[in-house]
Structure formats: C-alpha cells, structure tokens
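One structure is given below, encoded as structure tokens.
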C-alpha cells in the first residue's frame with residue numbers, strides 16, 4: 001500500500017506499507033556438514049539446517065521530499081522492518097550425544113569443539129532506519145563551470161533483537177557522495193562510497209567470549225568518463241575502486257589489542273572497463 005500527498009508543488013510526503021519474504025541461501029539448507037581440520041586451531045563444526053524457514057517482514061516507510069524550482073531534490077525518510085522467524089546462529093557444545101545424532105566422528109567430542117547451525121528465532125527482530133538524500137545542479141556557477149552537479153546519500157540502521165540474530169547482511173552506516181560535470185559532448189563522474197563496519201557474527205569455540213568477525217569500514221572512489229563521438233555513439237571509461245583500497249576482515253573480542261585485530265586482507269586492486277556505448 002502506497003500513499004502520496006502533495007503538500008505544495010515542491011513538497012511531497014509519502015507513506016507505504018509492505019510485506020516481504022526472504023528465503024535462506026541454498027548453502028544453508030542443503031544437507032551437509034563441514035568439519036574442521038583437527039591439526040588446525042579451528043573448532044567449529046558447521047551443520048546445515050534443512051528445516052530453516054524463510055523470514056518475513058512488515059515494512060513501514062515514511063518520507064518527505066522537497067524539489068527546488070531550480071532543480072535537484074532533498075529528501076529524508078524513516079523506516080522500520082518488523083521481522084518474524086529471523087535467522088540466528090546457535091553454537092552448541094559438541095557432546096558425544098549430538099555427534100552420534102548427526103553421524104559425526106566421536107573424536108570431535110574432545111578438544112573444545114562446537115556445532116554451529118542456523119535456526120529461526122522464536123522472538124522477533126527489528127531494523128529501524130534513517131535515510132537522507134540530496135542532489136543539486138550548481139546553477140549559480142559561472143558559464144564556464146555549467147553542468148556541475150553534486151549528490152549525497154546516507155542510510156543509518158539500528159538493529160535490535162535476540163543476541164543470536166544474524167544481522168550480518170545489514171551494514172549500520174552507508175554513505176555515498178559525488179560530483180559530476182555534464183556537457184553536450186562528454187561527462188565526468190566521481191563517486192565516493194563510505195561503507196561502515198559490518199558485523200559478520202559471533203565466533204564461538206576457543207575464542208574469547210564476545211569475539212566477532214567484522215569487515216572493516218572502508219572508503220572507495222569510482223570514476224566514470226564518457227565522450228560522445230556522435231549523437232547516438234560514444235566511448236566510455238570506468239574505474240572501480242581507483243585507489244585500490246583492500247577489504248580487511250577483522251576478528252577480535254573485548255580484550256584483543258588493536259594491532260592483533262586484522263585476520264585477513266584481500267587486495268582486489270582496481271577494475272577498469274573501456275568500451276563503446278550506443279543509444280537508440
């Protein structure tokens with residue numbers, strides 16, 4: 001259900017209600033067990049749950065948008081997701097009885113091993129959010145600088161629910177901003193993305209209680225350039241993560257020193273694309 005109310009020609013309010021469903025990935029529900037190598041420090045036995053159900057959510061959205069006469073848009077909104085049967089990670093000690101139930105080698109009953117599987121929460125979970133968006137052509141600039149546009153977007157989330165709730169797909173803070181120059185023959189766009197720290201969930205087993213795995217916050221820059229050779233044909237160059245900012249995975253608990261938090265650094269470098277673009 002969607003409702004739109006025009007307060008003035010420049011000011012518009014919107015409200016909506018919707019229900020959504022999210023099914024678990026196949027790798028979580030296909031029968032399977034992943035055992036750690038006894039010669040390593042890993043102590044987690046991952047067990048898929050074939051009875052894992054989809055989670056459903058009731059979504060409430062409210063926003064207000066202002067459209068200046070000179071062009072552009074300023075909007076702000078709030079939203080809420082009330083989630084039922086949300087996914088949760090449940091670690092359990094690998095007792096001889098559980099190992100026998102799942103047909104796992106009984107030698108894993110010694111050495112502090114745990115069995116980890118996903119389940120549906122009996123209690124609800126909630127995601128509250130705030131969104132802000134701004135885009136504006138800078139028409140006040142002199143003629144030689146015409147075509148400059150700026151934009152900014154922010155999404156802020158607050159997550160609440162059971163301590164075992166699997167919120168790893170939700171990033172609490174995301175920001176995007178950019179500047180572009182649009183002319184008849186060419187355009188240039190610079191886009192920055194600030195991705196907040198992502199909590200991938202708790203690490204059980206021999207780790208210190210309260211230890212989590214995180215994707216460290218990072219800032220990346222993308223560049224896009226297009227030049228029109230003719231009215232319907234042009235060439236373009238795109239560069240993703242032009243500064244080559246790596247992805248850093250961290251694992252730490254309440255007493256882990258700062259210098260020991262990094263677990264894995266993945267340097268994917270920059271990606272470039274060059275091609276011909278046609279419009280018809």
Checklist entry - Out of all the residues in region 30-47, which are surrounded by fewer than 13 Cβ atoms within 10 Å (Cβ to Cβ) and either touching a strand residue (DSSP E or B) at 6+ places or on another chain (Cβ under 9 Å) or not assigned by TED's automatic domain parsing to the domain that holds residue 79 (or both)? => result 32, 34
Checklist outcome for this item: Checked 210, 201 against criteria (assigned to a loop (DSSP other than H, G, I, E, B), closer than 30 Å to residue 124 by Cβ, outside the structural domain of residue 78 (by TED's automatic domain parsing) and within 26 Å of the chain's Cα centre (by Cα)); the one match is 210
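The rows are residues; the columns are (1) in a loop (DSSP other than H, G, I, E, B); (2) at pLDDT 85 or above; (3) surrounded by 14 or more Cβ atoms within 10 Å (Cβ to Cβ); (4) on the phi > 0 side of the Ramachandran plot.
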residue	(1), (2), (3), (4)
17	no, yes, no, no
21	no, yes, no, no
28	no, no, yes, no
49	yes, yes, yes, no
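The values are calculated or read from the model by the stated rules, or taken from the named source; none is laboratory data. Since the structure is predicted, the reported quantities are computational estimates derived from the model, not experimental observations. Heads up, the Cβs are rebuilt from the backbone with ideal geometry, glycines too, and the neighbour counts pull from every protein chain shown.
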